[in-house]
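Heads up: the structure comes next, in structure tokens.
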Amino acid sequence: MPWKIEKAVRENPALRESFMDLAIKTFHLDFHNWHQNGFWGDRYIPYVMTDGKTVAANVSVNVIDMLWDGTKRRYIQLGTVMTAPEYRGQGFSRRLMETVLSDWRDCSDGIYLFANDSVLDFYPKFGFCPMGEYQVSVNVTPKKGNICRLDMSDPRDLRTLFSYYKKGNPHSRFAMVDNEGLLAFYCTGFLKENVYYLPEAGAVAVAEPNGDGFLCYDVFSDGQTELKGILETLAGAVNPQASKAMLGFAPKGSVGESAPLKEEDTTLFLLEGFVPLYKENRIMFPLLSRA
């Protein structure tokens, strides 16, 4: 059987298992629990090259809705780009990329991806441009407060996370919305010990220690408590010695200090038509929106 491109991977048990196996072998990325717990929704669409049974290569489409200064926009993030070693050099990734761009270029507000250093020469062939990101840090004085860690294995705590996520991040000018599946991928996965509930602040936040400070991935709340107060209560629980909070999202206003985000083996690429809007604003894609 000749190789062909297949998009209905989630519904095909054989292809789904082959795709998951390739993701584990390539990136040590395991989708099994995410799928079994019902979090794989319609926003994650693998495009695979297959002979009907085996997945030889993949480019995944992630439909990401964002609020940019209050205006909803639809972006497409490409991810899980991989080819099994025995099938490399046959042009499978090129064919997949061409198909994805043909399907989504004209029905989205922008297409982007994060690439590792080994493939930096590949994406410019399709019109992608490398871009920098900017991260904001905020000076904090840790304080004690009413805060507790949510148990992501407890359905009640998971519902609490989702209910606050629906409120959004009122402190962010560039926030992902309507994507419980991707949020669950992080918060029931490697960040499952880092989800906090601040009842007095009316907020749920995702944060972890980071050097002499801490990283606040995101904050979901009704906006009644200022960001600085949330961060200082978080610091008291996450890292009582913290003097600085790094933000995993682009905040509104002149909060903190902005500096180029330096990440090892990671480069943001934007499709050419998307570059001007992004470049003028010196921001970053929310860390919890990366797929």
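The values are calculated or read from the model by the stated rules, or taken from the named source; none is laboratory data. For clarity, every value in this text was computed on a predicted model and none was experimentally measured. We place every Cβ from the backbone using ideal geometry, glycine too, and count neighbours over all the protein chains shown. The accessibility values were calculated without ligands, DNA or RNA, using every heavy atom of the protein model including side chains. Shrake-Rupley method; radii C 1.70, N 1.55, O 1.52, S 1.80 Å.
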Please compute the per residue accessible area over the chain with all protein chains in place, 1.4 Å probe, rounded to a whole number of Å². 47 Å²
Dipole moment magnitude, nearest 20 debye, the chain about Cα centre, only Lys, Arg, Asp, Glu C-beta charged: 300 debye
Over segment 101-142, consider all pairs of different Cα atoms and compute the Kirkwood hydrodynamic radius from their mean reciprocal separation; express it in Å, one decimal. 13.5 Å
Might you report the magnitude of the Cβ-based charge dipole of segment 1-138 about its Cα centre, with Lys and Arg at +1 and Asp and Glu at -1, to the nearest 20 debye? 220 debye
Simple spin-label estimate for Asp265 and Cys148 in nanometres, 7 Å along Cα-Cβ: 3.9 nm
Show me the GluC sites (Glu not before Pro) within segment 211-265 that DSSP assigns to loop and that have at most 13 other Cβ atoms within 10 Å of their Cβ. Glu226, Glu263, Glu264
Per-pair calculated FRET efficiency, R0 = 30 Å: Asp117 and Lys72 via Cβ, rounded to 0.05: 0.35
Quick check: with the 1.4 Å probe, what order do Cys129, Cys187 take by accessible area, largest first? Cys129, Cys187
Quick one: 3J(HN,Hα) in Hz for segment 124-137, Karplus 6.51/-1.76/1.60 with θ = phi - 60°, rounded, Gly and Pro as x. x, 5, 10, x, 8, 10, x, 9, x, 10, 10, 10, 9, 10
Which residues qualify? For Arg173, with a placed amide H closer than 5 Å and at least 5 residues away or on another chain, they are Ala250, Lys252
Projected convex hull area of segment 1-112, Cα atoms, direction-averaged, in nm², equals 7.7 nm²
Work out from phi, with θ = phi - 60° and the Karplus expression 6.51 cos²θ - 1.76 cosθ + 1.60, the ³J(HN,Hα) of each residue of segment 110-118, listed in order in whole Hz, and give x for Gly and Pro. x, 10, 8, 6, 10, 10, 8, 5, 6
Here the net charge surrounding Asn239, from other residues whose Cβ is less than 12 Å away from its Cβ (Lys, Arg +1; Asp, Glu -1), is -2
Which percent, to the nearest 5, of DSSP beta bridges fully inside the chain are antiparallel? 90 percent
Along principal axes, largest first, the alpha-carbon spread of segment 176-281 in whole Å comes out as 44, 31, 31
Short version: ³J(HN,Hα) in whole Hz for each residue of segment 141-153, in order, from phi by Karplus 6.51 cos²θ - 1.76 cosθ + 1.60 (θ = phi - 60°), x for Gly and Pro, what are they? 10, x, 9, 6, x, 7, 8, 9, 7, 7, 8, 6, 8
Binned at 10 Å from zero, the C-alpha pair distances of segment 1-59 give percents of 24, 59, 17, 1
For segment 243-285, with +1 on Lys and Arg beta carbons and -1 on Asp and Glu, the positive-most of Ala250, Leu261, Pro276 along the dipole: Ala250
Counting only DSSP loop positions in segment 83-130, the trypsin sites (Lys or Arg not before Pro) whose Cβ has at most 14 other Cβ atoms within 10 Å are Arg88
Estimated distance in nm for a label pair at Cys129 and Asp30, the labels positioned 7 Å out from Cα along Cα-to-Cβ: 4.1 nm
Ala203's amide H: which non-local residues (gap 5+, or another chain) put their own amide H closer than 5 Å, with H modeled 1.01 Å from N in plane and none for Pro or chain starts? Leu198
Return the FRET efficiency for the residue pair Gln90, Glu272: r is the Cβ-Cβ distance, R0 is 30 Å, and the value is rounded to the nearest 0.05. 0.65
